[in-house]
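Undergrad: Starting off with a structure, shown below.
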C-alpha cells in the first residue's frame, strides 16, 4: 500500500550530472563565483537575490535585445514590479533562432493523420510568410489576433507569426461553443480571426461552421478571417468578404530569414492573452508579456522539465489551456514539441503511449484523470511499448495522489523522473514542480520552482510549515500578468490576487509545504470545507472516492448556515448500472472516516446525473455552493463557461425543493 511520502525514485549520479539545473549551478560557480551545495540553497538565493538570479538567467540563456535594459528590476513592489526597463526584444525571434536545416521542428498526430514531422524550413518559412501577409493586411503591434483552432501545426505557425510582428495572440479550442468563445475574445476587439470548419474527437466529426458564423457575425472589430478547412478539405469558407483561406494566405513567395524583421518590443509588451475559467461573470483576460514569458519559459523548460535540445516533448492539451503555450514554447530550448489532436483514448486507450514510442518522446505530460483511464482499462504501457527514450513524466492539472505517482513506476518504467507540477494560467508557469536532482516521494511535488517565493500562509498572514494554508507568492515574478485586458486601473487585478494579503500574491489554492520543501496543492481554497473550524481540502475527499469503482465523479461543498450550523452534501455521479444503496453509502462514509477523519464524512450523499465542470474540466464547487445558498443562478455562474451546462439543472431543482437544511 503506497503512502504519502514513500520514497519512489532517487536520481543516479549520472542523472544529476546531466541535468540542466546542474549545468546552471556549474555556470554560476564559473562565471559568478557562486557555489551552492544543493537545490535548496540555489532556490533560497533565487528568491532573495532577485536581481542577481533573473539577471543570471538573462545571460545564461543568451537573451537577445536590440536595446539593453537599464537594470534588472526597476521596482520590486507587487503589483507593479518593473522588469528589465528599457529592453527591446521579441519572443518569436528567440524561437526562430533555433531554426536548423534538415531537422524536425515539430511532430503531430491526429485521429485521421498519422504521426508526421514538419521540418524547420517548412515551419519557419510559413511563419515568415504569414507574418508578412498579416502586416500587409494592416495588422500592427498591439492589435489582437485570435484563433479558433485545434492543437495542430497551423496554430503554432499563426501564434509565432502574430507575436513576431508585435500583435497580441489569444486562442480558444474549437470544442468551445460560440458563446464561450465570444465571452472571451469579444473583450479584446480582435482584428483577425484564424478558424477551422470543424474537428474530430472520439471518431466523430464536429462541424463548427455554424459556430464560426456566429463568432464572425458578433465581432464587429474583425477585419480579416483566415479559414482552414481542417475537418473536410473541400468545405467552402464562410460567405463573408472578410474571409480568405489559409492556402491563399500562404500562396506568396518565400521570405528569407535575413530579410524578415521581428518587431522590437518593450519587455512588458503584451505577448498573448490567456483566460480564466470564468465560473462567475466573464472570464478574466490575463495579459502576459514578451520578456516575462521568454525568461519564465526558458527557466521552466530547462530546469523544471529538464528538456534538452532535440528531445521530443509531449503534453496532452488543447489550445485553450496554458499547457499549449508551454508546449509551443519548448521550441525556445531546441526541443521538438509533439502535438496531438483528438481523444486521448481513441481509437484505443493506449494511443498516446504508442505515439510516445513511435516519436521517441523523452518527456510526456498528462492530467491525473488520464491515469484513471489507464487504471480502469488495465493498460500497462511497459508491457506493450518501447519507452526506452522516455526520461520524464509530468502529471499536472489537478492534485496528484500517492497512488497516481506510484502508478507510473509500476506500469511505465522504474527509472523515471515524475516531475509533478502545479501553477496556473495566471502566470503561465509552475509555482512548484519537478527538480531532476531530487528524489521523488509519493503524492509530493518536489519543491518550489526557482525564483518562485512560494509559501503557505495561515489566516494571520504568517508562513507555516507542515500546516495547510493559502498558497502565496511573496516576491514578484517576470511572468506575473502585465494586467487584465480592459482593467486600466487594475481594480480586478488587485481584487483577484492582492486583496487578502496586501503586497503578496494570493493564488487561491490550498497549500502545504513540509520540512524538506516538498509541496502539496490541495485544491482551490475558495472551495475549502470548513468543518467545526477545521479546514479540509476537497482534493482529499476526491482522492479517497477515486478508489471506488462505483463512483465515476464527485463534488462536495460545505454550506455555512445561520445559527452556526453547517451542511456538507456529497454529490456523486455513479458508474453505469450502479445504484446508491445503503451499502454503498456506508462504504463511502467508512472509507472517508478511516482514510481521514469523521469531519470528512458528508452529511448526506446524493446521486446526480452529472458533475458541473468548466470548459477546462475543473469542478465547479463554488458556483454550486452559491446556488445551494440561494444565490440566483445568473449571479452564481456563467453557463457559457461550462463543459456541461445541463448538469446544473439538478442542483437548481435540489436547491428549490430540498428539506435538508434551512437558510433562515
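The values are calculated or read from the model by the stated rules, or taken from the named source; none is laboratory data. Note that the structure is a prediction, hence the values are computed from the model and not measured. Neighbour counts run over all protein chains shown; Cβ positions are idealised from the backbone, glycine included.
Undergrad: Take residue 236 and tell me if it is part of a loop (DSSP other than H, G, I, E, B) and under 26 Å from the mean Cα position of the chain (by Cα).
TA: Spelling it out, it is not the case that residue 236 is part of a loop (DSSP other than H, G, I, E, B) and under 26 Å from the mean Cα position of the chain (by Cα).
Undergrad: OK, next. What number goes with the only condition from (1) out of contact with any strand residue (DSSP E or B) (no Cβ under 6 Å at 6 or more places or on another chain); (2) modelled with pLDDT of 95 or more that residue 193 does not pass?
TA: Every condition holds for residue 193 apart from (1).
Undergrad: Taking only segment 162-182 into account, find how many residues are crowded, with 21+ Cβ neighbours inside 10 Å and not in a loop (DSSP other than H, G, I, E, B).
TA: Looking only at that region, the number is 10.
Undergrad: Which of the residues belonging to segment 374-411 are at pLDDT 95 or above, closer than 16 Å to residue 315 by Cα and surrounded by 18 or more Cβ atoms within 10 Å (Cβ to Cβ)?
TA: 387, 390, 391, 392, 393, 394, 408
Undergrad: Let me ask you something else. Here is a list: 627, 611. Which entry is touching a strand residue (DSSP E or B) at 6+ places or on another chain (Cβ under 8 Å) and closer than 30 Å to residue 178 by Cβ?
TA: The unique qualifying residue is 611.
Undergrad: Here are some conditions: (1) farther than 29 Å from residue 545 by Cβ; (2) in contact with a strand residue (DSSP E or B) (Cβ under 7 Å, 6 or more places away or on another chain). Residue 385 meets all but one. Which one does it not meet?
TA: Unmet for residue 385, out of (1) farther than 29 Å from residue 545 by Cβ; (2) in contact with a strand residue (DSSP E or B) (Cβ under 7 Å, 6 or more places away or on another chain): (2).
Undergrad: Oh, and also: How many residues, within segment 320-332, are at pLDDT 95 or above and touching a strand residue (DSSP E or B) at 6+ places or on another chain (Cβ under 9 Å)?
TA: Count: 8.
Undergrad: Which residue is farthest from residue 304 (Cα to Cα), if the candidates are limited to segment 5-16 and must be touching a helix residue (DSSP H, G or I) at 6+ places or on another chain (Cβ under 8 Å) and surrounded by 15 or more Cβ atoms within 10 Å (Cβ to Cβ)?
TA: Ranking the qualifying residues of segment 5-16, first place goes to 6.
Undergrad: If you take the residues in segment 637-664 that are part of a helix (DSSP H, G or I) and modelled with pLDDT under 90, which one is farthest from residue 569 (Cα to Cα)?
TA: 640
Undergrad: What number of residues within segment 475-517 are touching a residue at least 40 places away in the same chain (Cβ under 8 Å) and part of a loop (DSSP other than H, G, I, E, B)?
TA: Residues in segment 475-517 being touching a residue at least 40 places away in the same chain (Cβ under 8 Å) and part of a loop (DSSP other than H, G, I, E, B): 18 in total.
Undergrad: Test residue 630 against the stated conditions and say whether it is modelled with pLDDT of 90 or more, out of contact with any helix residue (DSSP H, G or I) (no Cβ under 6 Å at 6 or more places or on another chain), under 24 Å from residue 536 (Cβ atoms) and not in a helix (DSSP H, G or I).
TA: For residue 630, the condition - modelled with pLDDT of 90 or more, out of contact with any helix residue (DSSP H, G or I) (no Cβ under 6 Å at 6 or more places or on another chain), under 24 Å from residue 536 (Cβ atoms) and not in a helix (DSSP H, G or I) - is met.
Undergrad: Let me ask you something else. Hey, among 310, 292, which residue is touching a strand residue (DSSP E or B) at 6+ places or on another chain (Cβ under 8 Å) and surrounded by fewer than 23 Cβ atoms within 10 Å (Cβ to Cβ)?
TA: From the options 310, 292, the qualifying one is 310.
Undergrad: Pick from 231, 282: which is assigned to a loop (DSSP other than H, G, I, E, B) and out of contact with any helix residue (DSSP H, G or I) (no Cβ under 7 Å at 6 or more places or on another chain)?
TA: Within the list 231, 282, the selection yields 231.
Undergrad: Any chance segment 592-603 includes a residue that's part of a strand (DSSP E or B), modelled with pLDDT of 95 or more and in contact with a strand residue (DSSP E or B) (Cβ under 8 Å, 6 or more places away or on another chain)?
TA: No, there is no match, as no residue in segment 592-603 is part of a strand (DSSP E or B), modelled with pLDDT of 95 or more and in contact with a strand residue (DSSP E or B) (Cβ under 8 Å, 6 or more places away or on another chain).
Undergrad: Which one of 617, 610 is part of a loop (DSSP other than H, G, I, E, B), surrounded by fewer than 16 Cβ atoms within 10 Å (Cβ to Cβ) and in contact (Cβ under 8 Å) with a residue 40 or more places away in the chain?
TA: Selected residue: 617, the only one of 617, 610 that is part of a loop (DSSP other than H, G, I, E, B), surrounded by fewer than 16 Cβ atoms within 10 Å (Cβ to Cβ) and in contact (Cβ under 8 Å) with a residue 40 or more places away in the chain.
Undergrad: When residue 287 is evaluated against the numbered criteria (1) touching a helix residue (DSSP H, G or I) at 6+ places or on another chain (Cβ under 9 Å); (2) in contact (Cβ under 8 Å) with a residue 40 or more places away in the chain; (3) in a strand (DSSP E or B), which criterion, by number, is the only one it fails?
TA: So residue 287 meets the others, but not (1).
Undergrad: Among the numbered criteria (1) surrounded by fewer than 24 Cβ atoms within 10 Å (Cβ to Cβ); (2) in contact with a strand residue (DSSP E or B) (Cβ under 8 Å, 6 or more places away or on another chain), which single criterion is violated by residue 144?
TA: Exception for residue 144: condition (1).
Undergrad: Considering only segment 44-140, give the helices (runs of 4 or more DSSP H) lying wholly within it that have at least 2 residues that are on the phi < 0 side of the Ramachandran plot and surrounded by fewer than 18 Cβ atoms within 10 Å (Cβ to Cβ).
TA: Ranges flagged: 50-60, 120-136.
Undergrad: A follow-up question, please. Going by the conditions given, is residue 159 closer than 20 Å to residue 335 by Cα, touching a strand residue (DSSP E or B) at 6+ places or on another chain (Cβ under 9 Å) and in a strand (DSSP E or B)?
TA: The answer is no for residue 159.
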